[in-house]
Amino acid sequence: MSSRRSRSRQSGVTRISDDQMADLVYKLQQLLPEIRHRRSDKVSAAKILQETCNYIRNLHREVDNLSGRLAELLESTDGESAEAAVIRSLLV
């Protein structure tokens, strides 16, 4: 047994089969709007992983933007109003 394999077993690392990896990449592909609607099914795993990272970054930016907008809206409302309570619940 190679030293790499014995180290991975000792550290509790579980290896993923090629089929499992292909299934996970396919599931990621189905979550990505940019790739999901393409006519060609031939998209490399590297491209899917790259697009996944880009998509997650964009989602983070959107969340930050919306949180900022909600914070600004909260500042402009009466702190005790029902609207302020709704905005505070969205920011949590």
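The values are calculated or read from the model by the stated rules, or taken from the named source; none is laboratory data. All values reported here derive from a predicted model rather than from experimental measurement. Here the Cβ is made from the backbone with ideal geometry for all residues, glycine too, and neighbour counts use every protein chain on show. Note: accessible area is taken over every heavy atom of the protein model, side chains too, but ligands, DNA and RNA are not part of it. Shrake-Rupley method; radii C 1.70, N 1.55, O 1.52, S 1.80 Å.
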Flagged in the range 55-92 as open to solvent by 70 Å² or more (accessible area, probe 1.4 Å) and not in a helix (DSSP H, G or I), in numbering order, are Ser76, Asp78, Glu80, Val92
Can you name the residue in the range 55-75 that is touching a helix residue (DSSP H, G or I) at 6+ places or on another chain (Cβ under 8 Å) and within 30 Å of Ile35 (Cα to Cα) and, of all such residues, is modelled with the lowest pLDDT? Ser67
For a quick check of your reading of the model, give me the residue pairs whose first member lies in the range 59-76 and is within 11 Å of Ile87 (Cα to Cα) and free of Cβ contacts under 8 Å to residues at least 24 places away in the same chain, whose second is part of a helix (DSSP H, G or I) and open to solvent by 90 Å² or more (accessible area, probe 1.4 Å), with beta-carbon atoms closer than 6 Å and at least 6 apart or on different chains. Leu70/Leu90
Flagged pairs (Cβ under 8 angstrom, 6 or more apart or on separate chains; first in the range 1-29, open to solvent by 70 Å² or more (accessible area, probe 1.4 Å); second of a type in the set (Val, Ile, Thr) and modelled with pLDDT of 60 or more) are Leu24/Ile16
Would you pick out the residues in the range 37-53 that are surrounded by 12 or more Cβ atoms within 10 Å (Cβ to Cβ) and at pLDDT below 90? Val43
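Inside the range 1-18, can you point out the residues that are in a helix (DSSP H, G or I) and at pLDDT below 90?
Just the residues of the range 1-18 that are in a helix (DSSP H, G or I), to begin with: 3-10, 18.
The answer is Ser3, Arg4, Arg5, Ser6, Arg7, Ser8, Arg9, Gln10.
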Name the single residue, out of those in the range 19-54 being part of a helix (DSSP H, G or I) and of a type in the set (Asp, Glu), that is farthest from the chain's Cα centre (by Cα). Asp19
